[in-house]
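Heads up: the structure comes next, in structure tokens.
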Amino acid sequence: MIDNRPDREVTMGLDWSIITDAVTYPVTLVEAKNFIRVDYALDDDLITDIIKAATEQAEKYLNRSITTKTVKFSYTSFSNRVMLPYPPYQSITAVTVKYRGESTVLVADSDYYLSGVKDLSIEFERYYREYELIIDATVGYLSVPLTIKQGVLKLIARMYEYRNDFMEVSGPDVRESFRVLEGYKIITI
């Protein structure tokens, strides 16, 4: 259902894709090996893969981007204000609206305004009913908070310890790993 009343914030049909994936991760191989107390090189490839998987799990849990990557968000319906998902934002590189096959690149501080510090939103000068919105951005932390890094390390330790099990990484022990991340979790409705 689309509510076109100007006093209502409506954002529907969010889709997103990664354009350029992460090159670096919040935990290095050396840090991970020190945390799980591995001092040999035999498992380096495995631990590197676990670092990537643990970071991905943390990002999903937190509903935020930890690693720096470029992304494209698109909305099939929106009103005059959009809360941007998966913060933090390093930059917004383009904001485009599409209507009936024609694209228009909007101009910052003229067609739209960024607002907020912790939760970034875009406010538009006019209403774009029945338009598609496309946002190109660079997201992720320039410097990952220590708490998030510790949460990722706990996930790495859990995944490494139980790497031969055919069980999903869940249960009380993994909840403890995620509990460290609670202060950074974005609750979605």
**Item:** List 69, 33, 98, ordered by accessible area with a 1.4 Å probe, largest first
**Value:** 98, 33, 69
**Item:** Among [x] 18.5; [y] 17.1; [z] 16.6, the entry that matches Kirkwood radius over Cα pairs in Å as calculated here
**Value:** [x]
**Prompt:** Roughly how many percent of the accessible protein surface of the chain is carbon and sulfur, given a 1.4 Å probe and a whole-percent answer?
**Reply:** 50
**Item:** Stretch in the chain that is longest and holds no chymotrypsin sites (Phe, Trp or Tyr not before Pro) that DSSP places in a loop and that have at most 15 other beta carbons within 10 Å
**Value:** 41-126
**Prompt:** How much accessible area per residue does segment 19-99 have, in Å², with a 1.4 Å probe?
**Reply:** 49
**Request:** Over 24 Å between C-alpha atoms is what I'm after, so list which of 52/72; 33/185; 69/185; 72/154; 60/98 land there.
**Result:** 33/185; 72/154; 60/98
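The values are calculated or read from the model by the stated rules, or taken from the named source; none is laboratory data. Note that this is a predicted model, so its numbers are computed, not measured. We place every Cβ from the backbone using ideal geometry, glycine too, and count neighbours over all the protein chains shown. For accessibility, only protein heavy atoms count, side chains too; no ligands or nucleic acids. Shrake-Rupley method; radii C 1.70, N 1.55, O 1.52, S 1.80 Å.
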